[in-house]
Amino acid sequence: MSKDTVQDGVVVSMDYKLTVDGEVLDSSDEAGPLQFLAGYGNIIPGLEQEMMGMKIGESKDVVVQPEDGYGEFDEEAFMDVPRSEFPADMQLEEGLELHVTDEDGNHQAAYVSSFDDKSVSLDFNHPLAGAVLNFSVKVVGLREPTEEELDHGHVHEGGGHHH
Ligand code: ZN
């Protein structure tokens, strides 16, 4: 069966541009089309949902609200950590991305919000939390995934993010 629309289990190549508050934050202009395996949560849900059923060559502007994007900004999602828990020679700076493991063993990204000699305030919000995301997308290719890609739930070509 040939698949000629975006649907679960199809590898989609798309040109895209992401604009937030009038500023272009990301686009396929430099890196080329983004590939993702539809239906596997490879891209944010609000965008994936709107792309279902699109054909090759079709373009669409999609506005994604925070709850369907990177979440609402959570004022409570901050944590103060003693400076002594970080390596003494570690260069801290505001906005620095850290990967931390919580008590339950979950890995999370956190960003240095502020710091002084005694303590470091970590922000667990995604940098785009609370943002309305304006996507401009164009489907430029559709193909069947390989068995391995289906098995892993993500694309192996072009993305460069295999793990
Ligand atoms: Zn893989």
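The values are calculated or read from the model by the stated rules, or taken from the named source; none is laboratory data. What you are looking at is a predicted structure, and each value in this text was computed from that prediction instead of being measured. Ideal geometry is used to build each Cβ from the backbone, glycine not excepted, and the neighbour counts take in all protein chains shown. Heads up: the accessible areas ignore ligands, DNA and RNA and are worked out on the full protein's heavy atoms, side chains in. Shrake-Rupley method; radii C 1.70, N 1.55, O 1.52, S 1.80 Å.
The mean sequence separation of alpha-carbon pairs under 8 Å and at least six residues apart, normalised by the residue count of region 1-144, gives a relative contact order of 36 percent.
Most tightly packed first, judged by the mean number of other beta-carbon atoms within 10 Å of their residues, the peptides 136-146, 72-82 read 136-146, 72-82. If R0 is taken as 45 Å, the Cβ-Cβ distance between K55 and V81 corresponds to a FRET efficiency of 0.35. When I56, I43 are compared by accessible surface with a 1.4 Å probe, the order from highest to lowest is I56, I43. Think of region 42-163 as having a plus end and a minus end, set by charges on the Cβ of Lys, Arg, Asp and Glu; of G71, G141, N42, G141 sits farthest toward the positive end of this dipole.
Return the calculated 222 nm mean residue ellipticity for the chain, to the nearest 500 deg cm²/dmol, obtained by summing -39500 (n - 2.57) across DSSP H runs with n ≥ 4 and dividing by the residue count.
Numbers: 3 runs with 17 residues, N = 163.
Value at 222 nm, helices only, nearest 500: -2500 deg cm²/dmol.
Under a model in which nothing but the beta-carbon of Lys, Arg (+1) and Asp, Glu (-1) is charged, the chain shows a dipole of about 740 debye around its Cα centre.
Cross-link partners for K55 among the lysines, with Cα-Cα distance under 28 Å and sequence neighbours closer than 8 places in the same chain left out: K3, K17, K138.
By how many nm would the segment from E148 to E30 lengthen if fully extended, with 0.36 nm per residue of separation less the alpha-carbon distance?
Numbers: separation 118, 0.36 × 118 = 42.48 nm, distance 2.78 nm.
Extending this stretch completely gives an extra 39.7 nm.
With a 1.4 Å probe rolled over the protein heavy atoms of all chains, the accessible area of T5, T101 falls in the order T101, T5, largest first. What is the distance, in nm, between label points placed 7 Å from the Cα along the Cα-to-Cβ direction at V63 and at E23? About 2.1 nm separates the two model spin labels. Remark: region 78-123 carries a charge dipole of roughly 80 debye about the Cα centre, counting +1 on each Lys and Arg Cβ and -1 on each Asp and Glu Cβ.
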